[in-house]
Amino acid sequence: MSPLLPGLLLILASYSASAQKASLARVAEPVDGHINEHFDSSGSADVGGGLIIGALLGQVAEAFPPDQIWIATPSERIVLCLQAVSRDGRYSTRTRYSLTSDADGMEGARLSPFTHLSEKLKQYADDDVAVIATAADDRNQCRSGEMRLFPRVQPDLTVGEADLLLQVNIAGRSAAWIVTEDGSRTDCMRVTADQAIGFEMTCRVKARIGTTPSTLHLALWVDDGLQAEPTSHLMVIPGYGSPK
């Protein structure tokens with residue numbers, strides 16, 4: 001073996017460990033340590049209609065991982081208003097999070113913790129819990145109608161094309177679809193389940209992940225049988241890799 005090889009291997013191992021540590025260091029914690037969550041077996045979650053109430057960037061897994069929930073990292077230091085609801089309406093949370101790591105828009109930040117009800121949430125499939133975040137206002141308060149959305153992200157994302165799952169509550173209306181910035185239309189599909197209280201439809205589009213943060217412009221159209229109305233959104237797409 002070359003006398004240089006052990007040293008080279010040590011350098012590579014140190015670099016790999018440092019890169020992994022930097023990625024894992026991206027953390028968001030509940031403001032004041034408080035998680036505002038509820039689990040009601042009657043399925044009575046209060047959810048508004050005509051809204052994107054969940055977004056997942058990356059491949060859907062089999063089981064929902066309550067102890068490994070990541071959200072897109074904002075490019076500025078803001079408080080995030082996180083909300084989540086289960087499809088059956090039994091679980092819901094509205095909690096404010098602040099970053100403990102760099103606000104650089106890169107990769108995702110792990111919510112530490114996301115819940116104190118892990119055992120209850122482990123019974124759900126990965127796409128049966130809708131998770132999304134918005135930016136708090138200047139007083140760090142949460143408000144409805146925020147246009148910019150931060151999706152939940154899978155921790156194994158890389159540069160390239162990725163699936164973006166949108167979970168939508170249409171309040172019993174007849175149809176919904178997504179129009180992306182290139183003008184393409186994607187119809188939303190009804191959830192095939194006995195209970196669809198938290199959300200009734202899902203829509204699947206493609207998002208491009210680059211080495212720097214970006215946004216995806218999209219419009220949610222909801223049709224009540226008489227007229228269709230759009231709601232515009234900016235989906236935050238984090239960057240992955242070394243920014244140029």
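Each value in this text was obtained by applying a stated rule to the coordinates, not by laboratory testing. Every value quoted in this text rests on a predicted model; they were computed, and no experiment measured them. No Cβ is skipped: glycine too gets one built from the backbone with ideal geometry, and neighbour counts run over all protein chains shown.
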- Item | Proxy reagent accessibility, fewest Cβ within 10 Å first, across 129, 27 | 27, 129
- Task: Can you put 229, 146 in order of Cβ neighbours within 10 angstrom, beginning with the fewest?
- Result: 229, 146
- Task: Quick one: which residues, 5 or more positions from residue 214 or on another chain, have an amide H under 5 Å from its amide H? H modelled 1.01 Å from N in the peptide plane, none for Pro or chain starts.
- Result: 237, 239
- Report the GluC sites (Glu not before Pro) located in region 46-111 that are in a DSSP loop and have at most 11 other Cβ atoms inside 10 Å of their Cβ, or state none. 62, 76
- Item | Charge tally in the Cβ shell below 9 Å around residue 197, where Lys, Arg are +1 and Asp, Glu are -1, residue 197 excluded | 0
- Summed over the other residues with a beta carbon less than 12 angstrom from that of residue 104, with K and R at +1 and D and E at -1, the charge totals -1
- Note on the structure: Cα extents of region 126-199 along the principal axes, largest first, in whole Å, come to 39, 32, 29
- Note on the structure: Residue-ordered couplings for region 216-224, obtained by feeding phi - 60° into the Karplus form 6.51 cos²θ - 1.76 cosθ + 1.60 and rounding to whole Hz (Gly and Pro as x), are 10, 7, 8, 10, 9, 9, 10, 10, 9
